[in-house]
Each structure stands twice: as structure tokens, then as C-alpha cells.
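Taking it in order: structure first as C-alpha cells, then the write-up.
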Amino acid sequence: MGYELPRAFVTTVVGSYPKTPVASEAIRKRKRGEISEEEFHRVVRPAIEEVVRDQIEAGIDIVSDGEQSREDMVVYFAERLRGFEIGDWVRVFDNVYFRKPIISSVVEFEKPMTLDDWLFAKSVARGRPVKVTITGPYTMVDWSFNRFYRDRREAVIAVARALRKEIEILVNHGAEIIQIDEPALPTRPFREEVELVKEALEEMLRGLPIKKRIVHLCFGRIEKILPYLLELPVDQLDMEFKNSDFKLLPFLKEVGYDKELGYGVVDVHSTRVESPREIVEAVEKLLKLDVVGPEKIYLDPDCGLKRLPREVAKAKLRSIAEAAKQLRRMYGYEG
Amino acid sequence: MEIFVLGGLPRSARARKILRDVERGLVSEARALQALLEETIGLMWFQLGAGLEVVSDPLIDWHDILRPFAESWRGCYVDGLARFFDNNFFYRVPVFIELPTPSRSVLRSRVSTLVEHLPSWAKLKVSVPGPLTFAKLSRVGGELRFDQLVEEIAKIIRNEVVEAVEAGARFVEIHEPWLSDVDATRDDAKLAVELIDKHFSDLGVATVLATYFQPPSPEVWEELCNAGTSYVVIDVVDSPTRARKALEKCVPKGLALGVVQARDLVDPSVDVVKEFLELARGVDKLAVTTSAGLELLPIDAALDKIRRLAKLGEVLSRGL
């Protein structure tokens, strides 16, 4: 069953979606050792099906598995790669914590980590493309303690090599859209940091027949590194705009932005649901710059939706899809 | 040489659970406050047990350093999350719709209670957000001018600190991590120093101007060296090269070297620390501290850092 993507203003998600009770329970059981990894991915399937359905009902074109298996974007991979130990609880905000991993030996790929969930999501996506999201090596290292590698670069490249194997397997199974999440990068807005990410991405993606390569970035000083981000070997930069009140927009013009743009138009840190009108206005602001055309604009949230109540997350996606519809009508891309 | 932990400490499993239970309505606020006080006392006594005389309020009931103040001021509310500098940690952004006026005191009763649980020789250190960092990390709405806001924040924080000192605080730590930020300018540093000198120089207790998460740039540091606080803190472990450059430019009268890494498990060797002590020659007063607050470490690692800091301080004191 095929699904034809719209020619412009394609809608998508960044990746994570609020956990369903089934997913939370499956994660708990997996942690307690009550179920094996294989069983875990079977048990979590109804959750994936539910959240894919939410995305489809909301009108999203490119969906994800909602990262229903992932307790945390870093911990999930750290638990499944060799070389990481899972550390103790470290605060992320308020009273929310993650178990900060520790790199304690050589980081190596062990077995596929995202394949099962992606294949299942694809099987229930009613022909829609399903994006694979992978936490990038820079962020994996930055949000872990490194007790093994001499320096950060060495650790980042080791993780990149391990993750390449995951991507190779996904590509061999037909994955076409791969997104590498690097939210840690804009926290150190320096050229040499982007160069390190570039080197890591080259390790991960070089020579692989991937239809769409995306890097996702959010919450930091993206404007300071934007010129260097254009050098990354990817087709699309997916970035947060709404939370920082679209302050990044003028910089797109300044640097001569020439990639596809994942345009974050709803704030994932606020429960207020943006109206389609607001989103249309945000897109018009972007179009006025005459930098990125409608066919290269992908509308999505600023970041993963996991922290929002599920009904709010779905409502935000609905607004995005409705805005995209209106925009296609306005700019002659309907039908 | 003074030895103290910068800022706050992580929450124990018990403290995390109590706060979760409060959110879920399973425990009363009064019960939670009592439990958090017990945890706080435990963490203060841990510092004493490690050999420190200056005891940091561990701030385990504060979600971030701005929030308790922002939530107790009229004209301000807290909004969504924003990244706290270069960390995988987020704070809630204060939004000012008009000039703030306090509706209640944050520190007075807190300090009175904590002091009761400490021996008389212990010096309780309170942490407050610096006015510049507070304003820089906030959203300013309406017709408010930044300079007006920062001045108003400084006045309110000063009143808080005066009350804290009256209640028994003997060390006041003013947190200005903005000054270590990549966007901090010499003018920012001048403004921060001006505000600190105007509002915090007559407290009659030791004062600390805390920069962290990076050493400030040499230009910013040059201004900070003029601050009238008892100590100015510089993080020397996140970027030793940058710290060297700053310290080669100037040293303040009172210097606190952030020598114990607060964001990683690994620490620099004693030799590296000694190298920085060499650079600090000529200061009137010297202290050693952590490179930032220890809140972003697991609790056991943080406790281990306190032990290490105390031991390092002892070794260095003997060598001086």
C-alpha cells in the first residue's frame, strides 16, 4: 500500500511521542529482567501501533515509532552497545532524572537496536514512510561519563563506528529516512565541535544508499554554528524554532541556507496547543526570506513530544497537519 | 585556606521519591518538607564529617536556582523549560511582566532552621542567583528595560541575603554563571561587578562571586578581578587553557579555584592543581572549591567529590 507524500510542506515528527501505559510497563518489566529483549520488542508493539495511529489520525506524512521502547534517548542505546555501563540517576529538570551512562570499555555494536521497532512501525503505518531516529555519537558521549577513551573525539568516533553498523542493517532492510539526533551539539556552539560531528557523521553514513539523511538539533545557540552545519553530510537539518521564538530565521538568510529544512513550529515544552493559523504565519515568515522553498520545508515539532500529555501531543500534530493543508492550498500545491 | 562546595547537591533516592509522591498526591507537603529537611541536614553533616567548616545549603528542594525566587515575586511567573548553559539540564524560564516585588521571603526561615541543626563553629553558606544571570536567563515582557529589571532583582536579592545573614548565614555565594558564557561581554562583567559592589559589599560576612561551567574569557575575568567579594570563583578544570589565560591576565584579591570537577567523574591530578596554585600566588585569600555545583552528578559521585575536595584542601593547606 503506497502513500504519496505531498509535494510541499511535508509534515513529520522529530521522533519521541508520549509513552503509552503498555510501553511504560514493558520498559519496567525489561528493567526488572522479567522479559527478554526479544519479548520486550514484542510486548511494546501495541504501544507502537497506538502512537503510529495517533500520528496518522493527526495527518502526519512521515511518522516514527514514537520511541516507545526508549526509556531515554541516550540510555536506550547505551544499554545495548558494548562498552557502556548504566550509571546512577542524574537530574534533567524538576524532579525528572536519567541514568547517566558511563563509557567503561571499547564501544562496539552488539546487535540491532532499532530494527524490530522500525519494521513493526512500518508494517502499521499504512504505507507512510517511517523515519528511523538514532541518538548521535556526539550526544551519546556528551551525556555519558567517559572513563575509558583518552578524549572526547576518540569516544565520539568509536560510538559513530558502532552506530554505523546499526544504520547498515536498517538500510539493508529498506530504511530510507535516517535521522541522527544531536541535541548536545548546540550547547557548545563552536566550529570545532561541528567539525567533530561532521567527522562522526561521515563515519556513520559514508557510502550508504540512504534516501534522506537528517540531523536534528535543538535548544542551544544554533545560530552560532549554522554556517558550519551546512557542511554536514546530510540532506536536511531539523531544528527547533518555536521555543526560541524563531530567532534563528534571519540567520538562515545570512548563511545562504541550502538544505532541506525540518522546521520546528510547535513548542514541546509548553502544553498550549498552537493554532494552525500561528503555524501558517510562522511558515510565511520563513518563506518571506526566500531561502527555502515549500518543497524543501518539513513541518514538525521543535523536538520529541514525549514530555507532553498524549492528547496535547496529538493536538499539536493535528495543528501542524492542518496548517500544512492550508499552506498547500495557499501556495498551489494542492492535489 | 577555605574549602567549600559550590552551590547545591544532588537528591538522594529518598528525596526523589518524596518529591514524586508529593506530585502524585501520595504524601502531604508537610511530611515532604520534614523529609527533605532531614535529607538536607544529612547532607550538611556529611560536609562537616568530611572536614569542611563552610557548609553549603544543598538546595535539594529547589528545582533550579532561579525558581524559588521567581515563584515568590509578584510581576513574574515561571514558564517552559530552557537549557541551563551547556548541560543536559533544563530550568524553567522566569517571565517578567512588570518589575518584581517580593510576596514572601525565600531565605529567612530556611536559614534559621538550617543553622539550628549545625554546630556553632560551622559556617552556613547560602546560594543566591546573581542579578545579571537572573535577568539574562529570563524573558522580559512589556515595557520593562533590562537595566531597570537587573537593578530591581539585585535589590530584592540583597534583601534576601540581609535576612539570611541576620538568620545566621556566614557565607553568601552569588551565582553568576552567565559570566562564563560564550556570549558574556566585558560590559556584562562591569555591570555584574557594579551591582555586587553596590548591593552585597556591606554584609559583614564572606561573599563569593561564583562563575562556573567554563572559566570566563580573559576580558570578562579582568573585570571580575575588581569585584569587592571575598572570593571570585574560577572553574579551572573544564578548560584549563582558558583558565590559565584568565589567571595570567590577573588575579583577584580573593580567589577560589574550582579544582574538583563537578560535571565528570574524573578529576585533575594534584600536579595540575598545584600549577594553578602557582598562578594564584599573590592573592590575599585563597580557597578551593568544586568547578560548579555538584547537582549534575549522581549522589554517590557527589559525596565522593566532597571527600576528595576536603582531602585535597587539607593536602594543599599543609603545602602552603
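The values are calculated or read from the model by the stated rules, or taken from the named source; none is laboratory data. These numbers come from a predicted model, not from an experiment. So basically every Cβ, Gly included, is an ideal-geometry build from the backbone, and we count neighbours across all protein chains shown. Areas reflect the complete protein model, heavy atoms only, side chains present, ligands, DNA and RNA absent. Shrake-Rupley method; radii C 1.70, N 1.55, O 1.52, S 1.80 Å.
Structure data summary
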read-out	value
Two-decimal log10 I(q)/I(0) for chain B, as the Debye equation yields it once each C-alpha is a single scatterer, q = 0.07, 0.10 Å⁻¹	-0.25, -0.53
Structure-based [θ]222 nm, chain A - -39500 (n - 2.57) summed over DSSP H runs of at least 4, per residue, nearest 500	-12500 deg cm²/dmol
Most fluctuating residue given options B:GLY282, B:GLY51, B:GLY80, as computed from a GNM of chain B linking Cα atoms under 10 Å	B:GLY80
Potential extension, A:ARG191-A:ARG147 segment - 0.36 nm per residue separation minus Cα distance	13.3 nm
By accessible area with a 1.4 Å probe, ligands and nucleic acids excluded, highest first: order of B:LEU19, B:LEU124	B:LEU19, B:LEU124
Delta accessible area of at least 40 Å² on complex formation, residues of segment B:76-123, 1.4 Å probe, chain isolated as reference	B:LEU81, B:ARG83, B:ASP86, B:ASN88, B:PHE89, B:PHE90
Overall Cα dimensions of segment B:138-222, principal axis frame, Å, largest first	36, 34, 19
Segment A:228-335 - convex hull of alpha carbons, volume per residue in Å³	104 Å³
Calculated over segment B:63-134: convex hull of Cα atoms, volume per residue (Å³)	115 Å³
DSSP-defined antiparallel bridges as percent of all bridges, chain B, nearest 5	20 percent
Calculated Rg and Dmax of segment A:24-113 using C-alpha coordinates, Å	14.9, 45
Placed amide H near B:ARG139: partners under 5 Å, 5+ positions off or other chain	B:VAL95, B:PHE96
Value at 222 nm in deg cm²/dmol, rounded to 500, when DSSP H runs of n ≥ 4 in chain B each add -39,500 (n - 2.57)	-13500 deg cm²/dmol
Loop-resident sites, segment A:135-217, for trypsin sites (Lys or Arg not before Pro), counting at most 12 other Cβ within 10 Å (DSSP)	A:ARG150, A:ARG206, A:LYS211
Quotient of C-alpha Rg and 2.2 N^0.38 Å, computed over segment A:135-292	1.09
Solvent-free Debye scattering, log10 I(q)/I(0), computed from the Cα coordinates of segment A:1-46 at q = 0.16, 0.30 Å⁻¹	-0.60, -1.07
Ratio Rg/Rh [Cα only; Rh per Kirkwood] for chain A	0.94
37 °C / 0.692 mPa s Stokes-Einstein diffusion coefficient of segment B:21-121, Kirkwood radius on C-alpha pairs, µm²/s	208 µm²/s
Cβ-based net charge around B:HIS63, under 11 Å, with every Lys or Arg adding one and every Asp or Glu removing one	-1
Proportion of all alpha-carbon pairs of the protein assembly as shown beyond 48 Å (%)	16 percent
Neighbour net charge for B:GLU222 - beta-carbon separation under 13 angstrom, K R +1, D E -1	-1
Where no second cysteine Cβ lies under 4.7 Å, the cysteines concerned in chain B	B:CYS76
Within a Gaussian network of chain B (alpha carbon springs, distance under 10 Å), most fluctuating of B:GLU166, B:GLU223, B:GLU29	B:GLU29
Accessible solvent surface per residue of the protein assembly as shown, calculated while the other protein chains remain in place, 1.4 angstrom probe, Å²	38 Å²
Within chain A, percent of DSSP bridges classed antiparallel, to nearest 5	20 percent
Unit charges at the beta carbon, dipole of segment B:178-320: most positive-side option, B:VAL288, B:ALA210, B:CYS225	B:VAL288
Karplus-derived 3J(HN,Hα), 6.51/-1.76/1.60, for each residue of segment A:25-34, Hz, glycine and proline x	5, 4, 5, 4, 5, 4, 5, 7, x, 7
For B:34-44, mean number of other protein chain Cβ atoms within 10 Å	0
Once exposed loop trypsin sites (Lys or Arg not before Pro) are cut out (DSSP; at most 13 other Cβ, 10 Å), longest piece of chain B	B:146-280
Buried accessible area, chains A and B (both chains, 1.4 Å probe, Å² to nearest 100)	2600 Å²
Estimated dipole of the protein assembly as shown in Debye, rounded to 20 [Cβ of Lys and Arg +1, of Asp and Glu -1, Cα centre]	920 debye
Number of partner chain Cβ atoms within 10 Å, mean per residue of A:83-90	4
Helical segments meeting 27 Å axial Cα length and Kyte-Doolittle -0.5 threshold in chain B (DSSP H)	B:29-50, B:146-167, B:299-319
In nm, spacing of pseudo-spin labels at B:ARG24 and A:GLU202 (7 Å Cα→C-beta vector)	5.0 nm
Accessible area of the protein assembly as shown belonging to carbon and sulfur atoms, whole % at 1.4 Å probe	47 percent
Pairs from A:LYS19/A:LYS306; A:LYS19/A:LYS211; A:LYS19/A:LYS316; A:LYS131/A:LYS306; A:LYS131/A:LYS288 whose Cα-Cα separation, in the structure shown, is over 18 Å	A:LYS19/A:LYS211; A:LYS131/A:LYS288
Convex hull per residue volume in Å³, alpha carbons only, for segment A:139-201	88 Å³
Among A:GLY66, A:GLY33, A:GLY136: highest mean-square fluctuation, GNM of chain A, C-alpha pairs under 10 Å	A:GLY33
Within straight-line cross-link reach of B:LYS274, lysines at Cα separation under 21 Å, skipping those fewer than 8 residues along the same chain	B:LYS245, B:LYS249, B:LYS253, B:LYS285, B:LYS305, B:LYS311
Dipole moment magnitude, nearest 20 debye, chain A about Cα centre, only Lys, Arg, Asp, Glu C-beta charged	320 debye
Percentage relative contact order, chain B, counting C-alpha pairs under 8 Å, at least six apart	19 percent
Local net charge near A:GLU57, Cβ-Cβ under 9 Å (Lys/Arg +1, Asp/Glu -1)	+2
log₁₀ of I(q)/I(0) at q = 0.13, 0.14, 0.19 Å⁻¹ - segment A:87-224, Debye sum with one point per alpha carbon	-0.61, -0.71, -1.20
Cβ-placed point charges (K, R +1; D, E -1), dipole of segment B:136-237 about Cα centre in debye, nearest 20	140 debye
Whole-Å semi-axes of segment A:228-275's equivalent ellipsoid (Cα gyration tensor)	23, 12, 8
